[in-house]
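The values are calculated or read from the model by the stated rules, or taken from the named source; none is laboratory data. What you are looking at is a predicted structure, and each value in this text was computed from that prediction instead of being measured. Don't worry about glycine lacking a Cβ; one is built from the backbone with ideal geometry, like all the others, and counts go over all protein chains shown. Heavy atoms of the whole protein, side chains included, go into the accessibility calculation; ligands, DNA and RNA do not. Shrake-Rupley method; radii C 1.70, N 1.55, O 1.52, S 1.80 Å.
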Amino acid sequence: MTAEARGIVAIIEPADGPAGALTAEVLGVARRLGNDLNEPVTAVVLGETVAEVGPLWEFGADKVIRVVHPLLAEFNLDAALGALEPLIRRENPNVVLMAHTFQGRALGPALAFRLQTGVATDCVDLRPGAGGGSLVLTRSILGGNFRAEVVIDTRPQIVTLRPKAFPPAEPTPGRTGTVEEFRPEPDPVRVRQEVRRRIQEAAAEGVRLEDARIVVAGGRGLGGPENWHLVEELASALGAAVGASRAVTDAGWVPTSLQIGLTGKTISPDLYIAVGISGAVQHMAGVSAAKTIVAINKDPDATIFRYARFGVVGDAKQILPALTREIKKALGKA
Amino acid sequence: MNIVVCIKYVPDWEAPASQFRIEDSRLVPAPGIAYRISDTDDEAIEAALQLKEKHGGRVTAISLGPASARDGLKHALAMGCDQAVLLDDPAFEDSDAAGTAAVLAAAIRKLGDVDLILTGRQAADWDQGQVHAGIAEFLGLPAVIPARHIEWTGSEFIVHRIYEEGYEEIAVKPPCVVACSNEIAEPRYPTLRGIMAASRAQIPVWTAADLGIDPGRVGRAGRRTRVLRLYAPQVEAKCEFIEGENPEEIAAKLVQRLREEKLL
Amino acid sequence: MDLPHKESFFNIGPERYLNYLFALIALVFVGYHIYRRYRIWRLGKPELRFDRIPARVSLILRYALAQLKMPRDPWAAVVHYGIFWGYLLLFVATTLDGTTYWLKTLTGYEVLVGPTYLLYKALIGNLGGTLALIGLLAAFYWRLVIRPPRLRYQTEDWVILGLLLFNVLNGFEVQALRLAMTDLRNHPEWAYWAYGSYPLAVILSGLPDSVLRPLHWASWWVHVLASQFAVAFIAYSKLEHIIFGPLNIFFRSLEPRGTLKPIPNIETAETYGANRVPDFTWKQLLDADACIRCGRCTANCPANLTGKPLSPKKIILDLKAEMDRAGPLYLRGRQPDGPSLVGDITTDDELWDCLTCGACMEACPMEIEHVPTIVEERRYLVLNEGRIPRDVVNLFNNLERSGNPWGYPPTTRADWARDLGVRTIAEDPGADYLWWVGCAGSYDERNIRISRALARILQAAGVRFAILGPEETCTGDPARRAGHEYLYQILAQQNIEALNRYGVRKILTACPHCFNTLKNEYRAFGGFYEVVHHSQLIAELVETGRVRLERPVGQRLTYHDPCYLGRHNGVYDPARLALTRLPGASLVEMRLHRHQAFCCGGGGARVFMTETRGHKRVNHERTDHVLAVNPNVIATACPFCMIMFEDALKTRNLTDRLEARDLAELVAESAGLSLK
């Protein structure tokens, strides 16, 4: 694949659906790039779960390719690679975009190596290179302390995008495009892994951490798992989702699915209340999109206060019950 | 069960940003900033050691230079790895993830007879999370990322792969590549016996010639990606501290301020 | 002969010599027991405890004979002084009696005659019996009515007390029977001197000889048998402390209390720390045999008193049980299997709870050295087994990587002093004092304020000092006390190398942990320094008028003795002296102060560990002690104490009524120096 590579391919996350937030973000980036580079935008949908393609057109896709195969019902890295390799070779795009989700983390690099091209993961910004050259991709490194601008010299340029880091596409109602089906034949010999079952740990009811408008997260400063209920009570009073720092999930106080940060989830709530979290860059990398941060910490020098809009220096064990009471009062739940 | 763990030896990523300076698109740590085995690579070592303790076999740690990575390999030996190999050659310098993966893959091929290749999920300096995929593709093996648990049933590995809502149980046959997440195991602190044995151990160095690698495929020459620029993002401090006589007063003031800001 | 005397073996025929056979049998039991235990001690590693004999004799006089620790518990004092001195006198009486008999039989010369005899009877025999009786009756009252919780109440304890009481009463009875048949009839004026048995003798004197004679004969033999039984019982009960106690006191460490010993040849050792009997030193094994199970160690242990599993007594008795179980097998050349001492019997949690504060050692009447044994077992956990709590792993990693417990960059170590014009020793090699700032004083925000106050005091007083700056690293104290001797030795060698390179002789430090390490523990690695704690220097500056205390600070102060300054190194007074010189301040003492001071909760690397066990946190308990005397300032002289108090005051919302302040801050403020 050389210089004639053309077009922007956006790989849609099946779990997110055609009108999901991630889809909007990825297609938003794709559409802008398509406009800037004057190249078509193709949305690639893995699996048969996505029946409706209208929203993809409205978000800016010129063409939708549905990749249909029984093994793609849920994400299987080998199957996805087997399906996408011939498709991408055929399409020969300039850029392949996907969200840096748990699927994207696995798929992006693997696809790049399969296609013998370069990849930039977890990008927080991108822009077209000068004179139509390679994209300039901004990545956060060393846990978020530094930024690097990198370019990919090979084609396609595979890019995974940090969730919440890019503005979602505004749908253009009535916008349409083409749709086609691609029926790959993933070589069964090369599908060497099998998803036996999926265990859902995140609270089935309640707000998804990634979508929550308010998130209350607890860290090591709570003292011990016996105090975790304080976080949950505050979250419940606020109708918020509960998250945790890595220190706490590593210590086994709460399931990993609550972990926020570089190796956990990226969230973008309007209000983020961090309780007993010191604010290591690796954690802050996951909340950089939060609009307002409230930090409650015993240590007045905790890094978190550098990011916080409001700070309370004090022991969470005393502040939280009082705060929960006040919130209930304020929201008329008392 | 023969396991290879690929480790990276990096400057202490928890050191504050002020302790690094940017020089020629590289991050240079201040003198006195320690190097350590990258985050999740040490957890991968621990996972390998636990599998070995349960099922027998040997654990080999490998790392791509520079020569200082020898200290990281010594630490891996002190933790209980059976052998370590340093991959160091001027031709490897400035490798990107593709070059690094190519060298590691060649070394694994040279080691031969491997059932499981473990890596960390992403190196703590560049946070890319690519090398495991590269190793898998170069060796034509399946890869699972990121894993929080691995068990061996006697014929296949059951890997618990993390996804947003929880985890998936993935069955995969050996040999395979698994990138470990931090939850997989708590890395052990080496015993003094281990430290002493490691300090006496010889760590062979394999060069490009030893691995039969074409120098044009690795290092600066083999790069697919380039770094244009490094910079430190600015964080502006603007924290408003809520104070009060007692928790009730603090809570009331905070709620009032949040309402004023239309956040509640 | 009508001088006062006594007919030896009165009413006892030639069978009298059986008495010596019984004594010999009893002594064989005791001797064999000592020999058996001696062989087990010899399984232990060597340790030099035969040096400085005069100092050791002095220990025996003070702690074995005078038992100077007894009065701390008045009931124990009455009981133990009574029984001990009583029985000692009775032993002397019996010995004198026997000696007199043999002297007379062999040479015809009689010693105990006349006034000597009467005094002997009154001041040795009867005084001994009376004292023992008082002690024993007090013991029964103490154990039955007062029932102190620290004691154990097992059959053996009652058997011993019963046996001793029986022997005393029986002894009086034998004497009374003899008096009734002899002195009372012939020389009643001699009989008064036996005031202990006299009343009974008067009562019995009405009985005819036909009753008295056989009764006396039988009682005499009962007395012999019961006494020799008691002697033999030494070998089978806690009475063994009569022998092992003084032995243990004699061999006590003469180092300052907190000093730990290096692992010799750490690079080539086969195993590290102690778990099996041969891993301990012979003195640590002797310690276990010297334990009388009085429970003073546990009753004074801050970890135990706040509900944690650690009991120093149990640590020692676990070792003793292991010696009993495994010792004989080792002696037969076998390798015992079965449960592991460390882990199965003494749990990891118990070992990690120790604050190394030394309250147990201070309380122990047998001078058992609990803390070095606990650290030795921690060494086993860390160096041999790698069973280390996560907090401690982080501590080790930070010390290894950054040379400080929190992992701050080494390059920023001297940043606290940037604007103060403090010079490094490289810049001022002729400084009088090398000020060892320590990690807390260099990096911890709260303790940086103390470092700055001290710097201003020194500058105002014209003391010429310099710091090491970024060349300083942790002394290694927390690593050592957490069991990581290897890391400690690396840090120590690094620091000693730096100090010696600058030819440092005199070191000033505000950290008692650094103080103890630099002063007492670096010697073993070639670091010999005169080390001064800042409380000592400040007291001197105040006394000599180089610092003038003018402004009133605080009103009611209490002073918390840091363990590693006070109990471990005997420095109690300088801080108090300086505090009493503060205008307008009065110093009140907490109930537990000076050598009995209660740890803040931060010693033994615990300041770097989360406190998860127990019903209360140690710093909260100590804060309650502070509150009990209602001061408005807790004065401290240790950065770890400061961290622990600050934490307690904040989490308990006490900051509006109580402040924790270092001596240096109070003095600087009173001297009108800037505290910024």
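Observations on the structure shown:
- Residues that are closer than 17 Å to B:Thr40 by Cβ and either in a helix (DSSP H, G or I) or small (Gly, Ala, Ser) (or both) within segment B:103-135 comprise B:Leu104, B:Gly120, B:Ala123, B:Ala124, B:Gly129, B:Val131, B:His132, B:Ala133, B:Gly134, B:Ile135, listed in sequence order.
- Looking across segment B:163-184, the residues that are closer than 30 Å to C:Asn394 by Cβ and open to solvent by 10 Å² or more (accessible area, probe 1.4 Å) come down to B:Tyr163, B:Glu164, B:Tyr167, B:Glu183, B:Ile184.
- Set A:Arg31, A:Arg66: member being open to solvent by 10 Å² or more (accessible area, probe 1.4 Å), of a type in the set (Lys, Arg) and closer than 21 Å to A:Arg127 by Cβ: A:Arg31
- Test result for C:Asn170, among the polar types (S, T, N, Q) and under 30 Å from C:Trp282 (Cα atoms): no
Table: residues versus (1) open to solvent by less than 20 Å² (accessible area, probe 1.4 Å); (2) under 30 Å from C:Tyr488 (Cβ atoms); (3) outside the structural domain of C:His370 (by TED's automatic domain parsing).
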position: C:Lys238; (1), (2), (3): no, no, yes
position: C:Tyr272; (1), (2), (3): yes, yes, no
position: C:Thr298; (1), (2), (3): no, yes, no
position: C:Tyr330; (1), (2), (3): no, yes, no
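- Of the numbered criteria (1) touching a His at 6+ places or on another chain (Cβ under 8 Å); (2) at pLDDT 90 or above; (3) not polar (S, T, N, Q), the one A:Leu262 fails is (2).
- Taken as a whole, segment A:273-280 holds at least one residue that is modelled with pLDDT of 90 or more, in contact with a Lys or Arg (Cβ under 9 Å, 6 or more places away or on another chain) and more than 12 Å from chain B (Cβ to nearest Cβ).
- Any hit, segment C:342-349, residues being of a type outside the set (Phe, Trp, Tyr) and crowded, with 24+ Cβ neighbours inside 10 Å: yes
- Leading residue by the ranking (farthest from the other protein chains (Cβ to nearest Cβ)) among those in segment B:221-260 that are surrounded by fewer than 15 Cβ atoms within 10 Å (Cβ to Cβ) and among the acidic types (Asp, Glu): B:Glu260
- Any hit, segment C:422-437, residues being assigned to a helix (DSSP H, G or I) and either assigned by TED's automatic domain parsing to the domain that holds C:Leu499 or on the phi > 0 side of the Ramachandran plot (or both): no
- Only one of the numbered conditions (1) open to solvent by less than 20 Å² (accessible area, probe 1.4 Å); (2) under 28 Å from B:Met196 (Cα atoms); (3) modelled with pLDDT of 95 or more is violated by B:His75, and that is (1).
- Scope segment B:1-24; condition part of a strand (DSSP E or B) and more than 13 Å from every other protein chain (Cβ to nearest Cβ); matching residues: B:Asn2, B:Ile3, B:Val4, B:Val5, B:Cys6, B:Ile7
- Between A:Phe146, A:Phe166, the distinction of being of a type in the set (A, V, I, L, M, F, W, C), under 24 Å from the mean Cα position of the chain (by Cα) and facing chain B (nearest Cβ under 9 Å) belongs to A:Phe146 only.
- Residues located in segment B:108-125, provided they are surrounded by fewer than 23 Cβ atoms within 10 Å (Cβ to Cβ) and within 11 Å of chain A (Cβ to nearest Cβ): B:Asp125
- Matching entry among A:Val41, A:Val29 (being more than 14 Å from chain B (Cβ to nearest Cβ), among the aliphatic types (A, V, I, L, M) and in contact with a Lys or Arg (Cβ under 6 Å, 6 or more places away or on another chain)): A:Val41
- Those residues of segment C:614-656 which are open to solvent by 30 Å² or more (accessible area, probe 1.4 Å), away from every other protein chain (no Cβ under 14 Å) and touching an Asp or Glu at 6+ places or on another chain (Cβ under 8 Å), in sequence order: C:Asn632
- Residue ranges of helices (runs of 4 or more DSSP H) in segment C:53-172 with at least 3 members at pLDDT 90 or above, among the aromatic types (Phe, Trp, Tyr) and within 25 Å of the chain's Cα centre (by Cα): C:74-107
- When the test is whether a residue is at pLDDT 95 or above and in a helix (DSSP H, G or I), C:Leu351 passes it.
- Of the residues screened, B:Glu260 is not one that is among the acidic types (Asp, Glu) and in contact with a Lys or Arg (Cβ under 8 Å, 6 or more places away or on another chain).
- Members of segment B:138-159 found to be in contact with a His (Cβ under 7 Å, 6 or more places away or on another chain) and either within 7 Å of chain A (Cβ to nearest Cβ) or of a type in the set (Ser, Thr, Tyr) (or both), listed by number: B:Ala143, B:Ile145, B:Arg148
- Here A:Leu56, A:Leu135, A:Leu84 are screened, and the one residue that is closer than 21 Å to A:Pro184 by Cα, open to solvent by less than 20 Å² (accessible area, probe 1.4 Å) and not basic (Lys, Arg) is A:Leu84.
Results for (1) modelled with pLDDT of 95 or more; (2) among the aliphatic types (A, V, I, L, M); (3) not in a helix (DSSP H, G or I), shown as yes or no for each residue.
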{"position": "B:Ala179", "(1), (2), (3)": "yes, yes, yes"}
{"position": "B:Glu186", "(1), (2), (3)": "no, no, yes"}
{"position": "B:Tyr189", "(1), (2), (3)": "yes, no, yes"}
{"position": "B:Ser199", "(1), (2), (3)": "no, no, no"}
{"position": "B:Ile203", "(1), (2), (3)": "yes, yes, yes"}
{"position": "B:Asp210", "(1), (2), (3)": "yes, no, no"}
{"position": "B:Leu228", "(1), (2), (3)": "no, yes, yes"}
{"position": "B:Glu236", "(1), (2), (3)": "no, no, yes"}
{"position": "B:Glu243", "(1), (2), (3)": "no, no, yes"}
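- Matching entry among A:Glu181, A:Glu201, A:Glu232 (being touching a residue at least 60 places away in the same chain (Cβ under 8 Å) and charged (D, E, K, R)): A:Glu181
- Single residue of C:Ala201, C:Ala194 found to be part of a loop (DSSP other than H, G, I, E, B), among the small types (Gly, Ala, Ser) and in the same structural domain as C:Leu89 (by TED's automatic domain parsing): C:Ala194
- One residue alone among C:Glu376, C:Glu400, C:Glu369 is in contact (Cβ under 8 Å) with a residue 40 or more places away in the chain and within 10 Å of chain B (Cβ to nearest Cβ), and that residue is C:Glu400.
- Residue among B:Val59, B:Val85, B:Val103 that alone is surrounded by fewer than 24 Cβ atoms within 10 Å (Cβ to Cβ), within 18 Å of the chain's Cα centre (by Cα) and assigned by TED's automatic domain parsing to the domain that holds B:Glu183: B:Val85
- Selection over segment A:282-301 of residues that are under 24 Å from C:Arg446 (Cβ atoms) and surrounded by fewer than 23 Cβ atoms within 10 Å (Cβ to Cβ) gives a count of 4.
- The set of residues from segment B:25-41 being closer than 26 Å to A:Ala247 by Cβ and more than 7 Å from chain C (Cβ to nearest Cβ) comprises B:Leu27, B:Pro29, B:Tyr35, B:Ile37, B:Ser38, B:Asp39, B:Thr40, B:Asp41.
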